[in-house]
């Protein structure tokens with residue numbers, strides 16, 4: 001059974017709205033990536049070195065990342081030889097299979113949050129200004145509240161103009177309290193207040209916003225370390241997740257940001273925003289494979305419920321849905 005057939009059996013008859021969100025949200029990348037792959041297989045009658053070189057360029061152009069592309073091409077060559085594949089059309093299904101394999105590695109990667117049942121869970125959000133961090137926090141709060149969780153937000157980005165007010169707007173929209181101090185105050189002090197408030201109100205989850213002034217990198221990283229120390233002192237074992245928010249439309253610049261934050265903080269997962277706004281959605285694979293950090297959530301649109309847990313098979317289905325839906329095998 002081809003991998004396309006497997007995906008078709010799993011997803012094309014699915015009434016799961018999330019699968020549809022991946023399909024719709026990846027339309028730009030699908031149009032860019034699969035159109036070029038379709039053109040490639042249509043022009044070649046056999047699979048040779050030139051075929052793989054052109055495929056390499058297409059993958060790099062989709063921001064899959066150089067190291068990941070080299071690994072994928074080597075895997076494809078081995079698989080083509082092992083299965084004795086001669087028709088370039090058949091390679092499309094193998095590509096989709098290998099994309100999932102590369103993302104998952106030796107074991108399936110979970111997008112589930114490390115929620116402490118019956119105890120306070122602290123989620124610390126980091127990332128540079130402009131990536132959609134505050135909006136993502138608001139959407140995450142909405143998602144968790146809809147699951148019956150008692151959520152509190154902490155306005156720890158005290159330096160960016162309007163950041164506190166922006167979080168307050170989200171708090172009102174979602175219906176969750178926001179713990180804040182004045183603009184320019186010590187973020188660590190805000191976190192201390194927020195933890196005490198969360199404990200007093202018996203909250204399930206505290207979501208913490210932080211500053212993102214990467215141009216002042218040394219000070220920012222020291223500030224994040226201080227914030228983490230305060231949280232850990234007040235809630236042993238916290239933060240339970242350090243989620244790095246990246247803007248998918250910035251491509252390789254997002255990789256640079258991820259490397260910087262990974263050096264300074266124990267990033268446990270990535271939230272990739274604006275995936276619906278880019279034609280280079282291969283960045284998902286580059287982040288996972290080259291930085292060994294799971295993409296836990298992706299932004300697939302502007303609506304409140306368009307922040308979705310990442311699923312490698314749904315992602316690949318979103319990329320190849322036209323081919324999957326047309327699979328006659």
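Taking Cα atoms, how many degrees apart are the long axis of helix 66-83 and the longest axis of the chain, rounded to 10 and kept between 0 and 90?
With both axes taken from Cα atoms, the answer is about 40 degrees.
Does anyone have the angle between helix 49-61 and the longest principal axis of the chain? Alpha-carbon axes, 0 to 90°, nearest 10?
In the chain, helix 49-61 runs at an angle near 20 degrees to the longest axis.
Which label belongs to the value computed from this structure, given these candidates for Rg and Dmax of the Cα atoms in Å: [x] 20.2, 70; [y] 19.2, 59; [z] 21.3, 69?
Derived directly from the coordinates: [z].
Could you sort 297-309, 32-44 so that the peptide with the highest average Cβ count within 10 Å comes first and the rest follow in order?
297-309, 32-44
Under a crude label model (7 Å from the Cα following the beta-carbon direction), how far is residue 213 from residue 197 in nanometres?
Here the answer is 2.3 nm between the modelled labels.
For segment 167-202 and segment 229-245, what is the centre-to-centre distance using only Cα atoms, to the nearest Å?
Going from one Cα centre to the other spans 15 Å.
Kindly provide the Kirkwood hydrodynamic radius of segment 90-210 in Å, to one decimal, from all pairs of distinct alpha carbon atoms.
This gives a value of 15.9 Å.
Provide the FRET efficiency to the nearest 0.05 for the residue 186-residue 28 pair, computing r from the beta carbons and using R0 = 35 Å.
Given R0 = 35 Å and the Cβ-Cβ separation, E is 0.25.
Is any residue of segment 22-38 close enough, with backbone N under 13 Å, to a label point placed 7 angstrom from the Cα of residue 303 along the Cα-Cβ axis, and if so, which?
Hits in segment 22-38 for residue 303 at 13 Å: 22-25.
Relative to a virtual label point 7 Å from the Cα of residue 260 in the Cα→beta-carbon direction, which members of segment 190-229 show backbone nitrogen distances below 11 Å?
Hits in segment 190-229 for residue 260 at 11 Å: 212-221.
Can you figure out the FRET efficiency of residue 12 with residue 87, using R₀ = 22 Å and their beta-carbon distance, to the nearest 0.05?
For R0 = 22 Å, the calculated efficiency reads 0.45.
Modelled label-to-label distance, residue 117 and residue 165, 7 Å Cα→beta-carbon offset: nm?
4.3 nm
Compute the angle between helix 133-146 and the longest alpha-carbon principal axis of the chain, please, reported from 0 to 90 degrees and rounded to the nearest 10.
Between helix and principal axis, roughly 90 degrees.
How big is segment 5-164 by Rg and Dmax over its Cα atoms, in Å?
21.1, 60
Bear in mind that the values in this text are calculations on the coordinates, not laboratory data. Keep in mind the model is a prediction, meaning the values are calculated, not measured. All Cβ positions, even for glycine, are placed from backbone atoms using ideal geometry, and neighbour counts span all protein chains on display.
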